1. S31 is checked against (1) without any contact (Cβ under 8 Å) to a residue 24 or more places away in the chain; (2) surrounded by 13 or more Cβ atoms within 10 Å (Cβ to Cβ); (3) of a type in the set (G, A, S) and fails just one. What number does that condition carry?
2. Within the set of pairs 6+ apart or on separate chains, which have a first residue in the stretch 34-63 that is under 20 Å from Y84 (Cβ atoms), a second that is at pLDDT 90 or above and loosely packed, with under 10 Cβ neighbours inside 10 Å, and C-beta atoms under 8 Å apart?
Amino acid sequence: MNRLEQIIQNIINIDKKKILYEPYLKIIKQSFNKEETPKHKKWKELKEKRNKKILSQTGRLKQSFRITNKGITTNSSYAKYQQYGTKYITPRPFIPTKKIPQQILDRIIAEILKWN
């Protein structure tokens, strides 16, 4: 098998769960832990000060994310309101959007180029 065939075979056999979903889930959890967006911008402070972290009053939202065969899902009915905001809720993004984070791209490239 030549190098190009090996690369194509690695793309076909890529473990999506390990390479794509686990790093995304890690980024989501880090956003909650650090109270910041996936781009490392701090979330807007709450109007009323609490002893708990932002979006962590019960911890249900952070713990609701799961890896499935189709990707990362949540059973939270209010995740989208916190992610994108509403008229009354300040957006506090925790899910990477628009651009694949560099740490995930690095893992994809390493997986594709490695020799078995």
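1. Failing condition for S31: (1).
2. These pairs meet every condition: K34/H40.
The values are calculated or read from the model by the stated rules, or taken from the named source; none is laboratory data. In this text the structure is predicted, and so the values were computed from the model without any measurement. Using ideal geometry, Cβ is built from the backbone for each residue, glycine included, and neighbour counts are taken over all protein chains shown.
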